[in-house]
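What follows is one structure encoded as structure tokens, with my remarks underneath.
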Amino acid sequence: MIKDITIGQYFPGKSAVHRLDPRMKLLLTVLYIVMLFIAKGFLGLAVGIIYMLAAFLMSGIPIRMMLKSVKPILPIIVFTGFLNLFFITTGDPLVEWHFIKITTGGLKTMVFMASRIILLIFGTSLLTYTTSPITLTDAIERVMSPLKVIKFPAHEIAMMMTIALRFIPTLIEETDKIMSAQKARGADMESGNVIKRAKALIPILIPLFVSAFRRAEELALAMECRCYHGGEGRTRLKQLKTAPRDYVALAVTVLFIVAVILLNRFLPI
Amino acid sequence: MEKFIEIKDVSFSYINDYDDPPTKNTVLKGVTLDINKGEFVAVLGHNGSGKSTLAKLLNSINLPESGDVFVDGMNTRDEDKLYDIRRTVGMVFQNPDNQIVATVVEEDVAFALENIGVEPSEIRKRVDWALKKVGMYEYREHAPHKLSGGQKQRIAIAGVLAMQPKCIVMDEPTAMLDPIGRREIMQTITELNSEGVTVVLITHYMEEAARAGRVVVMDDGKILLDGAPKKVFSQAELLKSVGLDVPDVTDLTHGLIRAGIDLPDDIISEDECVERLYQLLKKE
């Protein structure tokens, strides 16, 4: 049961968005974020919404999952919304009551900022929903590999992420076993206040850490036996290839950005 | 027979720096052993006899304190040949979970080849070949953590096999598996050996050792017995004195011999035992 957890939030599928080259998806996400940040008015933001809507409809991700992705960030949206609403005093006043002053400017900024944050979350979620963590890691390694010139450890970071992803299920399973073993010895993990329960975790964490270190040592040995010596001179089984559709997606995205720039220039509402 | 691995008067000790003063634990005391090309050698010994340490000497994980180890003519001390040695002698460990690096079966099998820098198209070919060899081709796109222990261990073997090593050293590969997994692994090992791969199997299961072509028994850092399984297991008393068992069948026949029944003392397989007893009963 606990073995079947999904790592990350990948939603498997075969849509056009899923099949895009992961490096291109990374680039497109960055471009999309740029698009949202250069938009000065609601029309510019509307372009972002259209772009998002199109990508979302193509991906076949259920709407429920997209909405779920915004949930953890909701408090931030509400908080910034309130700040904008009460502290921006440009435009015509709408409500004035004691020290509270709400203006059209404040209301406008609130809606604008909230939509921008939500769109940002949608964009990055779409990336993680349509790209498996391992593919994403691979893409990050390749996108960052030019930085190796300045000694940026692109390969090492990717390797660490891969190993972490590989061992999450193994360690979860192990935690499960240790918990059962400690419960069988009479450990009580469900009652008492927060501090008591936190303390009850110690007999679980210590064996877990010991075992994780032992695993790490054995894994390192097994990797050495298979000639691992860092990223130098390494080839890959799976080659990432950009297909025409990747360039089409890039062209479309650039067009959208141009649209936003033009709207900023000529219709900045 | 062509010598493939030569271990020449090798000693090895672990130094424990945490003790004050540092203590030295000598685990191998002047071991000399030759392994021929294509042999299937089982190394037996109880815990602490030095059998795992011996295994790690074969691909430069451990370097001998004194003496030399030659693999296919290469000295394991030669740092320039390190990766050649590790490609020649592949190693499989006890816990399959701690040997698998990637989150997809085929990517894990490709790991060693990626490290050596093999061309992607060639990697593809060799990964498919290795997975078919261990009978795991259908699982190539699965996540390793959802497979059984035996299947995971076969993936680990495939990962080593993909390097096309001339020799595979297995350090108790079946110790953490259930009987089914154990059978799968033994089958894979015998198949590989029949195709000319030299196999060194470290084990403490007598039944597994009985299937090898040659059995080496280690005790206290030295080689105690070395020979064909029949010859080694006929020395039941000596084996028992160093904390080892003999296969159940051998134990049975030895008991029968002591009871005055006329049987040879080198029976190691159940079939053979049944056959001999049947002959005996028919005579009467």
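Residue-by-condition table, conditions (1) of a type in the set (D, E, K, R); (2) in contact with a Phe, Trp or Tyr (Cβ under 7 Å, 6 or more places away or on another chain):
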{"site": "B:184", "(1), (2)": "yes, no"}
{"site": "B:193", "(1), (2)": "no, yes"}
{"site": "B:227", "(1), (2)": "no, no"}
{"site": "B:237", "(1), (2)": "yes, no"}
{"site": "B:272", "(1), (2)": "yes, no"}
TODO: Just one of (1) crowded, with 18+ Cβ neighbours inside 10 Å; (2) within 14 Å of chain A (Cβ to nearest Cβ) trips up residue B:45, so point out which.
DONE: (2)
Task: Residue count for the stretch B:150-205, restricted to those that are assigned to a helix (DSSP H, G or I), within 21 Å of residue A:221 (Cβ to Cβ) and among the charged types (D, E, K, R) - done: 2
TODO: Within the stretch B:247-268, identify whether any single residue is within 22 Å of residue B:50 (Cα to Cα) and in contact (Cβ under 8 Å) with a residue 60 or more places away in the chain, and answer yes or no.
DONE: no
Task: Qualifying positions in the stretch A:146-170 - surrounded by 16 or more Cβ atoms within 10 Å (Cβ to Cβ) and within 14 Å of chain B (Cβ to nearest Cβ) - done: A:155, A:158, A:159, A:161, A:162, A:163, A:165, A:166, A:167, A:168, A:169, A:170
Task: Failed criterion for residue B:263 (all others in (1) modelled with pLDDT of 85 or more; (2) not aromatic (Phe, Trp, Tyr); (3) not assigned by TED's automatic domain parsing to the domain that holds residue B:8 hold) - done: (1)
Task: Residues of the stretch A:227-258 satisfying the condition of being without any contact (Cβ under 8 Å) to a residue 24 or more places away in the chain, in a loop (DSSP other than H, G, I, E, B) and among the aliphatic types (A, V, I, L, M) - done: A:237
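Matching residues to (1) at pLDDT 95 or above; (2) surrounded by fewer than 19 Cβ atoms within 10 Å (Cβ to Cβ); (3) in a helix (DSSP H, G or I); (4) not aliphatic (A, V, I, L, M):
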{"position": "B:62", "(1), (2), (3), (4)": "no, no, no, yes"}
{"position": "B:68", "(1), (2), (3), (4)": "no, yes, no, yes"}
{"position": "B:102", "(1), (2), (3), (4)": "no, no, no, no"}
{"position": "B:114", "(1), (2), (3), (4)": "no, no, yes, yes"}
TODO: Name every residue in the stretch B:51-100 that is closer than 19 Å to residue A:223 by Cα, more than 9 Å from chain A (Cβ to nearest Cβ) and free of Cβ contacts under 8 Å to residues at least 12 places away in the same chain, in order of residue number.
DONE: B:79, B:80, B:81, B:84
- [ ] Please indicate, with yes or no, whether at least one residue in the stretch A:153-171 is among the basic types (Lys, Arg) and more than 30 Å from residue A:207 (Cβ to Cβ).
- [x] no
- [ ] Scan B:154, B:214, B:124, B:182 and give me the residue that is surrounded by fewer than 24 Cβ atoms within 10 Å (Cβ to Cβ), in the same structural domain as residue B:104 (by TED's automatic domain parsing), at pLDDT 90 or above and under 27 Å from residue A:239 (Cβ atoms).
- [x] B:124
TODO: Kindly establish whether residue B:110 is more than 15 Å from residue B:161 (Cα to Cα), facing another protein chain (nearest Cβ under 7 Å) and either small (Gly, Ala, Ser) or part of a helix (DSSP H, G or I) (or both).
DONE: no
Task: Qualifying positions in the stretch B:127-139 - outside any helix (DSSP H, G or I) and surrounded by fewer than 18 Cβ atoms within 10 Å (Cβ to Cβ) - done: B:135
- [ ] Check the stretch A:201-216 and report whether any residue there is among the basic types (Lys, Arg) and surrounded by 13 or more Cβ atoms within 10 Å (Cβ to Cβ).
- [x] yes
Open item on the list: Against the definition (of a type in the set (Asp, Glu) and out of contact with any Ser or Thr (no Cβ under 6 Å at 6 or more places or on another chain)), how does residue B:248 come out, yes or no?
Closed with: yes
- [ ] Tell me, please, whether a residue that is touching a Ser or Thr at 6+ places or on another chain (Cβ under 8 Å) and either loosely packed, with under 12 Cβ neighbours inside 10 Å or away from chain B (no Cβ under 14 Å) (or both) can be found in the stretch A:221-238.
- [x] no
Task: Pairs with Cβ under 8 Å, 6+ apart, first in the stretch A:111-133 and within 14 Å of chain B (Cβ to nearest Cβ), second assigned to a helix (DSSP H, G or I) - done: A:131/A:18; A:131/A:22; A:131/A:25; A:131/A:139; A:133/A:161; A:133/A:165
Task: Subset of the stretch B:224-269 (residues that are surrounded by 20 or more Cβ atoms within 10 Å (Cβ to Cβ) and not in a helix (DSSP H, G or I)) - done: B:234, B:244, B:246, B:247, B:267, B:268
- [ ] Might you check whether a residue that is closer than 21 Å to residue A:162 by Cβ, more than 9 Å from every other protein chain (Cβ to nearest Cβ) and of a type in the set (Phe, Trp, Tyr) occurs anywhere in the stretch B:124-143?
- [x] yes
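The values are calculated or read from the model by the stated rules, or taken from the named source; none is laboratory data. Since the structure is predicted, the reported quantities are computational estimates derived from the model, not experimental observations. Quick reminder, even Gly has a Cβ in these numbers, built from the backbone with ideal geometry, and neighbours come from all protein chains shown.
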